[in-house]
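Have a look at the structure below before the remarks.
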Amino acid sequence: MNPQEQTAPRKLDDLSPEEKRELDRRRQAYKDAVEIWIAAIRKEEDLADPDHSMAAVEAWEHAHFAEEDARTRAKQLRQEYQDELRQVLFHF
């Protein structure tokens, strides 16, 4: 294989079944994490209500931290999916 062929991007049709499964698994993990993140955002939003008690504010803050954790996880899985795509398709 010459150097140009080695660095040329691969087509999705050229991937092995195992590579396709791994990409599909990573994509689905990312999508699932995004759905969890969206749910966390909605929960935080729901807790921003007219109840200005200390308990309500603490619940709202707790929901905010859970949203941040969910966002961090979604971003991590997005990066892992992108890294796998780069590795499989572009060899880096």
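Packing order of peptides 50-58, 16-24, 79-87, 67-75, highest average first: 67-75, 79-87, 16-24, 50-58 (average count of other Cβ atoms within 10 Å over each peptide's residues). Pairwise Cα separations in region 8-55 fall into 5 Å bins from 0 onward with the following percentages, short to long: 5, 16, 13, 13, 10, 9, 9, 7, 6, 4, 4, 3, 0. Near Ala55, once Lys and Arg are set to +1 and Asp and Glu to -1 for all other residues with Cβ below 13 Å from its Cβ, the sum equals -4.
Working from the Cα coordinates of the chain, the gyration tensor eigenvalues give, after taking √(5λ), semi-axes of 43, 11, 7 Å in decreasing order. For the chain, relative contact order (Cα pairs under 8 Å, six or more residues apart, normalised by length) works out to 48 percent.
Read the figures in this text as sums done on the coordinates, not as results from a lab. Just so it is clear, the model here is predicted, and its values are computed rather than measured. Neighbour counts are summed over all protein chains in view; Cβ atoms, including those assigned to glycine, are modelled from backbone coordinates with ideal geometry.
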